[in-house]
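To start, the structure itself, in structure tokens.
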Amino acid sequence: MKPTINNLTSSQQREFLKAHFSPFVSDQKKGRSGGPVETPPPAQAERIALPPAKTLTCGQMPVCQAIGRRRSRRKFSKMPLTQEQLAYLCWATLGIQKVFGHGQAVYRTVPSAGARHALQLYLAAGNVDGLAKGLYRYMAVDHELVQLRNDDAMPDNVAKACFDQNWMAGAGAVLILTALPYRMEWRYGPAAAKLIALDAGHAGQNAYLAAESIGAGACAVAAYDQQQADRLLDVDGHDEFVIYLIPVGNV
Ligand SMILES: Cc1cc2nc3c(=O)[nH]c(=O)nc-3n(C[C@H](O)[C@H](O)[C@H](O)COP(=O)(O)O)c2cc1C
């Protein structure tokens, strides 16, 4: 029988939420490589510069106000996201502040267990100033986008992959987080899955607060069809797969 989570008992399913730090010999201890901090882009992909994080002037709202206003927002205006807004949202969600350890480790705007950061950020652009509809990846080290696919149907197809949550197609962009589990398993083995899910929550909350702080809105989405979403991003569903989607847009 194919192992799926539905075949597990509820006790087994709940194990995922518990801590699993009993002694084991990790791949890190065995001296294996933990891999790069981000997957290199396809060789021919077009790179799109974003306004540098240090020059961004949006997002000046006090944190307490952004927290106080935070709401899941599903109605977006027709006003496109500006490139500055988009740069800010990407940076807030998974931006890199510092590369260290000979390029093998990073600090980001969000915390991560052991600073392993087993997440990557894609972007389904629908209504962004100067950006064709389609699929992009945020290259956090260089704070730029790479264009993966020009695709007018991208916003509708993302909504379809989320069980026809059609309101999503009205977003300026959908931030899509993928998990690359080995980055976390390399150090934490059986504890990794929970840690990755916790990390995704941090990234999601940063996206929410960043959106509020620029007069935009966000709504977390975890109800999606795994295979459809993975196919849409052209990820293999094993070493990399979709874990969370966050539509963002002006409201
Ligand atoms: C992990 C997670 C998954 C969610 N998935 C969806 C979703 O698939 N569709 C949706 O419309 N809202 C989704 N939401 C938003 C919740 O419905 C929302 O947070 C909840 O109704 C409370 O509203 P508030 O965020 O405005 O406080 C999700 C929220 C979280 C944290």
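No lab work stands behind these numbers, since they all come straight from the coordinates. Since this is a predicted model, take the numbers as computed values, not measurements. So basically every Cβ, Gly included, is an ideal-geometry build from the backbone, and we count neighbours across all protein chains shown.
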Unit charges at the beta carbon, dipole of the chain: most positive-side option, Pro80, Ile5, Pro36: Ile5
task: Return the loop-located trypsin sites (Lys or Arg not before Pro) in the range 1-100 (DSSP other than H, G, I, E, B) with at most 13 other Cβ atoms within 10 Å of their own Cβ; answer none if there are none.
output: Lys18, Lys29, Lys30, Arg32, Arg71, Lys75, Lys78
- request: Return the sequence-ordered ³J(HN,Hα) values of the range 26-42 in whole Hz as given by the Karplus equation 6.51 cos²θ - 1.76 cosθ + 1.60 applied to θ = phi - 60°, using x for Gly and Pro.
  value: 6, 4, 4, 5, 7, x, 7, 7, x, x, x, 6, 8, 5, x, x, x
message: How would the range 68-133 be classified by its alpha-carbon gyration tensor: rounded, prolate or oblate, with rounded meaning a/c under 1.5 and the a/b versus b/c comparison settling the rest?
response: prolate
message: Taking the square root of 5 times each eigenvalue of the Cα gyration tensor, what semi-axes in Å does the equivalent ellipsoid of the chain have, largest first?
response: 29, 21, 19
message: How tilted is helix 83-94 with respect to the longest principal axis of the chain? Cα atoms for both, answer in degrees (0 to 90, nearest 10).
response: 20 degrees
field: Reachable lysines from Lys160, criterion Cα separation under 21 angstrom, eight or more residues apart if same chain
entry: Lys75, Lys78, Lys133
query: Under a point spin-label approximation (7 Å from Cα along Cα-to-Cβ), what is the Lys29-Phe100 distance to one decimal in nm?
result: 2.4 nm
